[in-house]
Amino acid sequence: MVAAPQRLYRDMRHELDVGPCPRVSVFMAALCVLLPFLLYAHSFADIAISLVALGHLYISVRTRDFAWARQTWVVIALIFWSYAMVRGALSNHPEVAGGHALVWIRFIVFAAGLQVLALRAPSLLKAMLGSFVAASLFGAADTLFQFTVGRDIFGRPMLGERLTGPLGSAAIGVLLLFAGLPLLALLFTRLRAPALSRKAVAVAGILLLSVAIFLTGERMTAILLAAALLVLLLVVARASWRVNISLIGLSLIVAALIYAVFPQVLARHLSSIAVFTVPQGDMYVLIWQAALDVFKANPIVGIGVHTFRLDCPLYVPADLAEAACRSLHPHNLWLELLAETGVTGTAILLVFFVAALKPAVDLWRVWPTEPLLAGAAIAVLLRLWPVASAKSFFVNQNEVLFWTTLAVAVAAASSYMSRTSSKLP
């Protein structure tokens with residue numbers, strides 16, 4: 001176990017030493033490997049992403065090689081970036097919309113940089129899978145420890161009745177789910193192992209992470225977890241119907257036991273509904289209606305990214321503005337895109353999502369042998385689910401998590417096709 005990381009490091013050094021700017025490349029690769037742990041401190045993760053992007057641009061300038069920028073998904077992303085900057089500059093709050101759009105390019109260049117690094121050094125993705133596994137197990141263990149004793153291993157208390165784990169905020173469930181999907185995918189592949197002991201270890205690991213996510217009390221995260229487990233069971237594990245039924249039954253029993261033994265978990269799930277009720281009605285409904293009102297008033301180009309709360313009072317009735325416009329964002333990805341970027345920006349981003357994710361989805365048949373690819377692809381698909389309440393797409397913490405999983409999905413798909421001599425996207 002100790003030798004494996006050292007061997008991966010030597011392999012990466014050897015693979016990157018034969019290419020351009022080896023020191024910069026090794027530094028970039030090290031940041032990518034650390035990224036799953038840095039997600040618990042999103043500011044540091046953002047710094048790492050920015051440094052990888054800068055390193056990638058530096059190598060591209062030194063080698064005069066910008067072939068990566070001619071890929072379809074990169075071109076479409078750059079079109080959206082240009083559109084968001086222009087719309088932001090002409091918005092009611094150009095310093096907010098234009099400024100936020102300006103630095104958004106770092107995520108595009110980061111994703112392309114990770115893709116190029118993975119093609120040069122296939123060992124990088126193996127190291128990143130190990131890092132995702134270790135970071136997810138650490139996060140789950142720390143969250144369960146906090147649930148048990150009231151404080152995590154760093155001494156940080158719960159946030160009221162909500163678990164925070166090593167993240168330090170109540171969004172730990174979302175992070176554990178999306179960043180933990182590579183681990184879950186790896187464990188589901190082990191369900192096909194002939195040895196009963198390996199299956200038992202896999203089930204124990206699945207339960208550890210799933211229970212930690214479930215105990216956070218995040219209702220939508222629990223729903224997305226159930227969807228992810230079902231996809232992993234059917235597409236990755238591909239076990240017999242007896243195993244499928246057994247695991248589904250076990251999941252329902254565990255959930256029922258948690259509710260029975262720890263009624264506060266059920267109360268948190270229910271309170272996440274009741275807490276958003278205000279005198280004017282359900283706050284989610286009010287926010288979604290406000291987003292639709294903003295969109296109807298600006299259907300073509302929207303109001304500019306990251307400006308929903310600033311402009312929302314201009315488009316909703318005065319008696320509803322305080323309740324409907326108190327949120328930074330509409331709590332739904334597609335309503336946020338429609339309100340802030342209009343039909344134009346939403347259409348561009350939709351084409352981008354398809355172009356970037358299509359290779360990973362097309363490779364679904366190999367997901368049982370490529371857990372990093374499977375986990376990252378499923379994480380992105382869950383984030384794009386249209387009826388889910390969600391964090392803002394244009395807020396730093398959520399952008400970092402989304403672009404990490406998207407970049408890994410793109411890189412893993414490209415690496416697999418390169419290894420198997422398939423045509424790259």
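Taken together, the values in this text are just the output of simple stated rules run on the coordinates, not laboratory data. It should be emphasised that the depicted structure is a prediction, and the values quoted were computed from it without experimental measurement. Using ideal geometry, Cβ is built from the backbone for each residue, glycine included, and neighbour counts are taken over all protein chains shown.
Ignoring the sites themselves, what is the longest stretch of the chain with no trypsin sites (Lys or Arg not before Pro) in a DSSP loop and at most 14 other beta-carbon atoms within 10 Å?
Of all site-free stretches, the longest is 65-325.
Return an integer: the convex hull volume of the alpha-carbon atoms of the chain, in Å³ per residue.
Residue-normalised Cα hull volume stands at 149 Å³.
How do Val261, Val203 rank when sorted from fewest to most other Cβ atoms within 10 Å of their own Cβ?
Fewest-to-most ranking of Val261, Val203: Val261, Val203.
I'd like the distance between the alpha-carbon centres of the range 24-63 and the range 66-133, rounded to an integer number of Å.
Here the two parts' Cα centres lie 12 Å apart.
What are the ³J(HN,Hα) couplings of the range 216-230, residue after residue, when phi is run through the Karplus curve with 6.51, -1.76, 1.60 and θ = phi - 60°? Round to Hz, x for glycine and proline.
5, x, 7, 4, 5, 5, 5, 5, 5, 4, 4, 5, 5, 4, 5
Considering Cα pairs under 8 angstrom that are at least six residues apart, work out the relative contact order of the chain and quote it in whole percent.
So the answer I get is 20 percent.
What's the lysine pair count for the chain at a Cα cut-off below 24 Å, pairs eight or more apart or interchain?
6
Through the Karplus equation 6.51 cos²θ - 1.76 cosθ + 1.60, θ set to phi - 60°, convert the phi angles of the range 330-342 into ³J(HN,Hα) values in whole Hz; use x for Gly and Pro.
x, 6, 8, 4, 6, 5, 5, 5, 5, 5, 9, 10, x
Exactly which chymotrypsin sites (Phe, Trp or Tyr not before Pro) in the range 118-220 are in a DSSP loop and have at most 12 other Cβ atoms within 10 Å?
Sites meeting the loop and neighbour criteria: Phe154.
Tell me the Kirkwood hydrodynamic radius of the range 84-212 in angstroms, computed as one over the mean inverse distance between distinct C-alpha pairs.
Hydrodynamic radius (Kirkwood, Cα only) of the range 84-212 equals 17.6 Å.
Any idea how far the Cα center of the range 209-233 sits from the one of the range 238-266, in Å?
The two parts, judged by their Cα centres, are 11 Å apart.
Quickly estimate the mean residue ellipticity at 222 nm for the chain, helices only: each DSSP H run with n ≥ 4 gives -39500 (n - 2.57), and the total goes over all residues, rounded to 500.
The helix-only estimate for the chain comes to -24000 deg cm²/dmol at 222 nm.
Please give the contour-minus-distance gain from Cys21 to Ile258: 0.36 nm per residue of separation, less the Cα-Cα distance, rounded to one decimal in nm.
Extra length available between Cys21 and Ile258 comes to 80.0 nm.
Run through every distinct alpha carbon pair of the range 330-373 and return the Kirkwood hydrodynamic radius in angstroms, one decimal place.
12.1
Where does each of Cys325, Cys312 land when they are ranked from fewest to most other beta-carbon atoms within 10 angstrom?
With the sparsest Cβ surroundings first, the list reads Cys325, Cys312.
Quick check on the exposure proxy: order Met158, Met128 from fewest to most C-beta atoms within 10 angstrom.
Met158, Met128
What number results when the radius of gyration of the range 287-376, computed over Cα atoms, is divided by 2.2 N^0.38 Å?
1.42
Hey, what do the phi angles of the range 252-260 turn into as Karplus ³J(HN,Hα) couplings, whole Hz, using 6.51/-1.76/1.60 and θ = phi - 60°, x for Gly and Pro?
Once rounded to whole Hz, the list reads 5, 5, 4, 4, 5, 5, 4, 4, 6.
For the chain, give me every cysteine whose Cβ has no other Cys Cβ within less than 4.7 Å, ordered by residue number.
Those would be Cys21, Cys32, since no other cysteine Cβ in the chain comes under 4.7 Å of theirs.
Hull surface divided by four, with the convex hull built on the Cα atoms of the range 133-199: how many nm²?
Here the figure is 5.0 nm², rounded to one decimal.
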